[in-house]
Amino acid sequence: MKKLFIGTLSVSALLISFSLLRSSSVEAAQAGAMTSNADITFLQDTTVTSPVNPTDPTQTVTANPDDPHQAGTAGPLSIDYISNFHFGSQQIKASAATYYAQLDKVKNGAGDLINVPNYAQVTDKRGLNLGWKLSVKQNGQFTTGGATPSTLTNAALTLVAATTNSTQSVALAPVTIAATLDPTGTATSRVATSAVSTGMGTWTLAFGTGATAAQGVQLSVPQATAKVTNVQYKTTLNWILDDTPL
């Protein structure tokens, strides 16, 4: 009787195990299916992008209030900032001379004026990754004001190939080239090209960096050029951003 009881228990255990397995199999069977939706719509960002420090693009800066700048352009592809090029007061040399623009001054987040290289800043947030190009045109030769203006004949303004910086991958950087501007105002000079699938996000283009920062923007004046003293020679530059690298 003892052996029969044990055998009965064993059979019962097997039946219970089979029942549990069958129950689990029934519970795991798919009872139905349904499809849901997911979607997104993109809108163009037309706000103005703030300038950043060309030596540390994680830091937002503002223009020097004592050195008026035109505000950045709005839109998904924009010029955010352009330095003014100030050569200061220079002594007349006995020979041909090259003068260098002073470093730009901007306000950091603490409100302090700091020196940075002269630079341009471009932002591409179109989302199409089509590339762009930045060019500059000098609107005539350096000239004094007044009733009888004097022109700085044959002077040449040169920008070194810019150093790019961004929080984006270096693989997306635009290509830069040195440019000597046409003082007649006829021709434009390209300074940066972003090929298709590059140049997205915000990029600073510093004319000189590190040890060369103070020599990134040069004005060459021949010895034979007449120079009137104690008056300021001026010109303006037009910066053009095209929505294609071609």
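Measuring only protein heavy atoms, the 1.4 Å probe finds Y100 accessible over about 90 Å². Residues whose amide H falls under 5 Å from that of A162, counting only those 5 or more places apart or on a different chain, are I177, with hydrogens built in the peptide plane. In the distance distribution for the range 95-180, Cα-Cα pairs more than 16 Å apart total 72 percent. Sorting 84-95, 53-64, 203-214 by average packing, meaning the other beta carbons within 10 Å per residue, from highest down gives 203-214, 53-64, 84-95. Only DSSP H runs of four or more residues enter the estimate; each adds -39500 (n - 2.57), and after division by the residues of the chain the mean residue ellipticity at 222 nm equals -4000 deg cm²/dmol.
Report the per residue volume, in Å³, of the convex hull enclosing the C-alpha atoms of the range 49-161.
Details: hull volume 18.2 nm³, N = 113.
With only Cα atoms used, the range 49-161 gives 161 Å³ per residue.
Against the chain, whose longest principal axis is taken from its Cα atoms, helix 2-28 shows a tilt of about 40°. Size of the range 28-94 from its Cα atoms: along the principal axes, largest to smallest, the extents are 95, 24, 24 Å. Working from the Cα coordinates of the chain, the gyration tensor eigenvalues give, after taking √(5λ), semi-axes of 70, 19, 16 Å in decreasing order. Subtracting the Cα-Cα distance of T58 and Q44 from 0.36 nm times their residue separation leaves 2.7 nm of extension gain. The ellipsoid equivalent to the alpha-carbon distribution of the range 159-218 has semi-axes of 22, 16, 7 angstrom, derived from the gyration tensor eigenvalues as √(5λ) and listed largest first. Within the range 128-148, whose backbone N sits under 19 Å from a point 7 Å along Cα→Cβ of L246? Backbone N within reach: 128-135.
The values are calculated or read from the model by the stated rules, or taken from the named source; none is laboratory data. These figures come from a predicted structure and were not determined experimentally. Methodologically, a virtual Cβ is constructed for each residue, glycine included, from the backbone with ideal geometry; neighbour enumeration extends over all protein chains shown. Each accessible area value is taken on the protein alone, full model and side chains, heavy atoms only, with ligands, DNA and RNA left out. Shrake-Rupley method; radii C 1.70, N 1.55, O 1.52, S 1.80 Å.
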